[in-house]
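Novice: Let me begin by handing over the structure; questions about it come next.
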Amino acid sequence: MAKKRKKAKKAKAKRKKTKAKAKKKKAKRKKGKRTVLYSSKGKKLYAVRSADGKFKDIQSYQRAHSMDIKRNSADGN
């Protein structure tokens, strides 16, 4: 009886682990979205959201835009 319980417990733990892995993988695939905001000084800002919708980072539009151009440029400079 104890062996069966141990086996069932192991199987349950394995299923739980697999579900958590799948959830993590799914969250990885989603790209963080940007929301445009304005600072009190009137500068344009990007609020970068994580996959679950919470604010992860707030950066100036100018800095984010320049990084996007650098990342997408053909020669990398």
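Novice: State whether the residues of region 51-60 include one that is at pLDDT 85 or above, more than 20 Å from the chain's Cα centre (by Cα) and surrounded by 13 or more Cβ atoms within 10 Å (Cβ to Cβ). Break it down into steps so the answer makes sense when it comes.
Specialist: Applying the first criterion (at pLDDT 85 or above) to region 51-60 yields 56-60.
Adding the requirement that they be more than 20 Å from the chain's Cα centre (by Cα) leaves none.
Checked against the condition, which is being at pLDDT 85 or above, more than 20 Å from the chain's Cα centre (by Cα) and surrounded by 13 or more Cβ atoms within 10 Å (Cβ to Cβ), region 51-60 yields no hits at all.
Novice: State all residues of region 1-50 that are modelled with pLDDT of 70 or more and among the hydroxyl-bearing types (Ser, Thr, Tyr); if no residue qualifies, say none.
Specialist: Within region 1-50, THR35, TYR38, SER39, SER40, TYR46, SER50 meet the criteria.
Novice: While we're on this one: Those residues that are polar (S, T, N, Q) and in contact with a helix residue (DSSP H, G or I) (Cβ under 9 Å, 6 or more places away or on another chain), I need them from region 33-77; list them, please. Quick ask: steps written out before the conclusion?
Specialist: First, pick out the residues of region 33-77 that are polar (S, T, N, Q): 35, 39-40, 50, 59-60, 62, 66, 72-73, 77.
Across region 33-77, the qualifying residues are SER50, GLN59, ASN77.
The values are calculated or read from the model by the stated rules, or taken from the named source; none is laboratory data. Since this is a predicted model, take the numbers as computed values, not measurements. Heads up, the Cβs are rebuilt from the backbone with ideal geometry, glycines too, and the neighbour counts pull from every protein chain shown.
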